[in-house]
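For reference, the structure is listed below as structure tokens.
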Amino acid sequence: LRKLMDLWDFRGSGLTNMHGATGDLVWLGTTTPQLEEIFWTLTHDLNTDLGGSGSNLRTPASCLGQSRCEYACYDTQSLNYAMTLEYQ
């Protein structure tokens with residue numbers, strides 16, 4: 001944990017947050033040029049896992065679509081379900 005905080009003091013704002021429901025450590029405030037350096041340090045130097053899906057996939061979410069909106073033109077819930085099955 002000390003190495004993670006030292007990295008964030010060096011590459012970021014030093015501000016962190018713990019997400020209570022998931023236990024995720026949220027790092028607040030850095031600049032785009034620092035991101036690659038941060039990821040390299042985390043994955044290579046500190047040998048940490050950035051999560052099961054990495055930075056390529058977020059939890060799928062969609063509007064309620066036809067289940068809630070009578071004017072919906074597309075079944076967004078079906079698309080969300082299909083994408084979840086395909087990519088997770």
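The values are calculated or read from the model by the stated rules, or taken from the named source; none is laboratory data. What you see is a predicted model, and the numbers here were worked out from it, not measured in a lab. With ideal geometry, Cβ positions are generated from the backbone for all residues, glycine too; neighbour counts draw on all protein chains shown. SASA here: full protein model, heavy atoms, side chains in, ligands and nucleic acids out. Shrake-Rupley method; radii C 1.70, N 1.55, O 1.52, S 1.80 Å.
Here is a list of conditions, (1) within 16 Å of the chain's Cα centre (by Cα); (2) surrounded by 10 or more Cβ atoms within 10 Å (Cβ to Cβ), and Y74 meets all of them except one; can you say which number that is?
(1)
Might you check whether a residue that is touching a Gly at 6+ places or on another chain (Cβ under 9 Å) and open to solvent by 70 Å² or more (accessible area, probe 1.4 Å) occurs anywhere in segment 27-49? Before you say what the answer is, go through the steps one by one.
Within segment 27-49, the first condition is being touching a Gly at 6+ places or on another chain (Cβ under 9 Å), and the residues that meet it are 27-31, 34, 38.
The next check asks that each one be open to solvent by 70 Å² or more (accessible area, probe 1.4 Å); those that pass are 28, 31.
Yes.
Sort through T84, T16 and tell me the only one that's touching a Phe, Trp or Tyr at 6+ places or on another chain (Cβ under 7 Å), free of Cβ contacts under 8 Å to residues at least 60 places away in the same chain and β-branched (V, I, T).
Numbers: T84 fails: touching a Phe, Trp or Tyr at 6+ places or on another chain (Cβ under 7 Å).
After ruling out the rest, the residue left standing is T16.
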